[in-house]
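Working notes for the structure below.
The values are calculated or read from the model by the stated rules, or taken from the named source; none is laboratory data. All values reported here derive from a predicted model rather than from experimental measurement. Don't worry about glycine lacking a Cβ; one is built from the backbone with ideal geometry, like all the others, and counts go over all protein chains shown.
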Amino acid sequence: MRQPRRFALPVLALFGLVACASLAQETAMWGGTPSRNMVSDETGLVTEWDPETGKNIKWSVELGSQTYGGPILIGDKVIVGTNNQSVRNPKHTGDRGVLMVFNAADGELLWQASHTKLPAGRVNDWPQQGICSTPFIEGDRVWYVSNQAHVVCADLEGFRDGENDGPITDEPDTSEIDADFIWSMDMMGEVDAFPHNLAVCSPIAVGDLLFVVTGNGVDEGHLAIPYPFAPSFIALNKHTGELAWEDDSPGMNLVHGQWSNPAYGVAGGTPQVIFPGGDGLIYAFEPETGELIWKFDCNPEGSVWELGGSGTRNNIVSTPVIYEDVVYIAVGQDPEHGEGPGHMYAIDATKTGDITETGALWHRGGDDFNRTMTTVAIKDDILYTADLSGYVYALDLATGEQHWRYDTFAAIWGSAFVADGKVYIGDEDGDIAVLKQGTEMELLYEVNMGSAMYTTPVAKDGVMYLASRNRLYAVAEE
């Protein structure tokens, strides 16, 4: 069995020395904060807009043909992960994973990172899916996971600043629209990770440590795990890409792929990084050392995984949210497996050990909740979430009891974004519903964006940014 590697003492030193300095730098990430709660304090956001008439559309630009990563905002930039169907650099043609960086004021492309496809093909790097990772950004550094299963650190300014920051200085393309890479860590080459279909993690950093789900999974036939003891969860030094610790807890119990993201928070005074596992369990680790604090099986006892998704056991595709000592998480599957019964839990994160039998504060399942990929949003003691079947829920935070449910009549892949007294959520038909925040359901507006909505909106300075399957929009009151 592969033994987890941990290098606690140097990491502890780094963690303590620079954590305070890091707090002063502007950060951006999936969910806005390391706790991943999809809520913003922005006000004055638009309620109505229309891509067809141009009403309240500040600008829009073409993306690739599939967009799953971002959008994310930092300073005067908006960043999106997509594919290369909308070629911006004539030197970079064909199917690639692309991270695009735009001027938030007018949609001008500032620079892009471009990654060729893995030679193994769809088993590790599914065609035309692009980059599905939403970056973590701090100061002038951008960290993301490429379609090649590399953890990448890049300069936020690209080569537009006229500098080639090291240690990587031999980039083949150094024009103004190219990425300036700082370091790259190959998870397949360095820790034997075998991402099933695609590595997609949206990383987070705390202090000097960057936390990543490797995506390790089953083979193309879905019958074997090529590297069962390769790590599912890793922590890297964010400055160098060096491995700080790794954990292979899912091991032989992996059921499919791993397409979720870590979260970080403090529960009962204990800092913890929360990793969702491809075995259907959720794990909490001590951030500096990788020591297990607690774990919880998010599937009922006796549940069984069946090839193609017809069984009763699920893995985890949504991202955990930690809020006031509680972790909120729900299970789901590859959306190609279709609808099915799901489960959602509120877990007491102050406990230790295997807390499957003791940790649930409340649970929804059976006819009350379906498979999901959605990350929750919590505001004013109400939890907003959705499932693949197209239902949007407002639940009592303390009990899980339903305040209301709204049917979008289409599959939901993204997450609810709560801001300015409103709940924004898109669906696979391309509709965005704007719902009133609160205990009474009220549909304020609905609009079709022309193509599927797989992402979650973000907002800054009264402008909301929306990425459809193939286009990025900035919307604001005129």
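Residues that are surrounded by fewer than 20 Cβ atoms within 10 Å (Cβ to Cβ), farther than 14 Å from ALA149 by Cα and in contact with an Asp or Glu (Cβ under 7 Å, 6 or more places away or on another chain) do not occur anywhere in segment 209-219. Could you tell me which numbered condition ALA193 fails, if it satisfies all but one of (1) more than 20 Å from the chain's Cα centre (by Cα); (2) assigned to a loop (DSSP other than H, G, I, E, B); (3) buried (at least 20 other Cβ atoms within 10 Å of the Cβ)? If we test ALA193 against (1) more than 20 Å from the chain's Cα centre (by Cα); (2) assigned to a loop (DSSP other than H, G, I, E, B); (3) buried (at least 20 other Cβ atoms within 10 Å of the Cβ), just (1) comes out false.
With respect to TYR345, is the statement that it is buried (at least 21 other Cβ atoms within 10 Å of the Cβ), outside any loop (DSSP other than H, G, I, E, B), touching a His at 6+ places or on another chain (Cβ under 8 Å) and at pLDDT 95 or above true? The answer is yes for TYR345. Inspection of segment 41-61 identifies no residue that is of a type outside the set (Ser, Thr, Tyr), in a strand (DSSP E or B) and touching a Lys or Arg at 6+ places or on another chain (Cβ under 6 Å).
Mind checking whether some residue in segment 120-128 is of a type in the set (A, V, I, L, M) and surrounded by fewer than 18 Cβ atoms within 10 Å (Cβ to Cβ)? Among the residues of segment 120-128, at least one is of a type in the set (A, V, I, L, M) and surrounded by fewer than 18 Cβ atoms within 10 Å (Cβ to Cβ), which makes the answer yes. Looking at the structure I just gave you, is LEU472 in contact with a Pro (Cβ under 9 Å, 6 or more places away or on another chain) and in a strand (DSSP E or B)? Yes; evaluated as a whole, the condition is true for this residue. Are there any pairs, at least 6 apart or on different chains, whose C-beta atoms fall under 9 Å, with the first in segment 363-378 and under 14 Å from VAL39 (Cα atoms) and the second surrounded by fewer than 22 Cβ atoms within 10 Å (Cβ to Cβ) and among the charged types (D, E, K, R), and if so, which? So the pair list comes out as ILE378/GLU324. The criterion of at least 1 residues that are over 23 Å from the mean Cα position of the chain (by Cα) is met by the following strands (runs of 3 or more DSSP E) wholly inside segment 359-443: 360-370, 391-396, 402-407, 431-436.
The residues of segment 267-280 that are in contact (Cβ under 8 Å) with a residue 40 or more places away in the chain and under 21 Å from the mean Cα position of the chain (by Cα), listed by number, are PRO271, GLN272, VAL273, ILE274, PHE275, PRO276, GLY277, GLY278, GLY280. Within segment 52-93, the set of residues being modelled with pLDDT under 95, touching a strand residue (DSSP E or B) at 6+ places or on another chain (Cβ under 7 Å) and basic (Lys, Arg) comprises just one member, ARG88.
Within segment 376-424, the set of residues being surrounded by fewer than 21 Cβ atoms within 10 Å (Cβ to Cβ) and of a type in the set (Asp, Glu) comprises ASP380, ASP381, ASP396, GLU401, ASP407, ASP420.
Just the residues that are of a type in the set (A, V, I, L, M) and surrounded by fewer than 24 Cβ atoms within 10 Å (Cβ to Cβ), please, taken from segment 258-312. Break it down into steps so the answer makes sense when it comes.
If we filter segment 258-312 for residues that are of a type in the set (A, V, I, L, M), which is where we start, we get 263, 266-267, 273-274, 281-282, 284, 292-293, 304, 307.
Passing the criteria: VAL266, ALA267, LEU281, LEU292, ILE293, VAL304, LEU307.
On inspection, VAL255 qualifies as outside any strand (DSSP E or B), closer than 22 Å to ASP125 by Cα and of a type in the set (Val, Ile, Thr). From the list GLY400, GLY366, GLY390, GLY430, the lone residue that is in contact with a Gly (Cβ under 9 Å, 6 or more places away or on another chain) and among the small types (Gly, Ala, Ser) is GLY430. Within the bounds of segment 70-78, is there any residue that is without any contact (Cβ under 8 Å) to a residue 40 or more places away in the chain, exposed (fewer than 15 other Cβ atoms within 10 Å of the Cβ) and acidic (Asp, Glu)? Looking for residues that are without any contact (Cβ under 8 Å) to a residue 40 or more places away in the chain, exposed (fewer than 15 other Cβ atoms within 10 Å of the Cβ) and acidic (Asp, Glu), one finds at least one in segment 70-78, hence yes.
What residue, of LEU99, LEU109, is in contact (Cβ under 8 Å) with a residue 60 or more places away in the chain and surrounded by fewer than 17 Cβ atoms within 10 Å (Cβ to Cβ)? Spell out the reasoning first.
Values: LEU99 fails: surrounded by fewer than 17 Cβ atoms within 10 Å (Cβ to Cβ).
Every option except LEU109 fails the conditions.
Any chance you could count how many residues in segment 307-342 are more than 15 Å from PHE296 (Cβ to Cβ), under 20 Å from the mean Cα position of the chain (by Cα), of a type outside the set (Gly, Ala, Ser) and part of a strand (DSSP E or B)? Looking only at that region, the number is 1. Looking across segment 157-187, just one residue is assigned to a loop (DSSP other than H, G, I, E, B), buried (at least 22 other Cβ atoms within 10 Å of the Cβ) and either at pLDDT below 95 or not small (Gly, Ala, Ser) (or both), and that is ASP180. Pairs are defined by a Cβ separation below 8 Å, a sequence spacing of at least 6 or placement on different chains, a first member in segment 17-41 that is under 24 Å from PRO276 (Cα atoms) and modelled with pLDDT under 95, and a second member that is part of a helix (DSSP H, G or I) and hydrophobic (A, V, I, L, M, F, W, C); no pair meets this definition.
For (1) within 22 Å of GLU171 (Cα to Cα); (2) in contact (Cβ under 8 Å) with a residue 40 or more places away in the chain, each residue gets a yes or a no:
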{"site": "THR82", "(1), (2)": "yes, yes"}
{"site": "VAL87", "(1), (2)": "yes, no"}
{"site": "LYS91", "(1), (2)": "yes, yes"}
{"site": "GLY121", "(1), (2)": "no, no"}
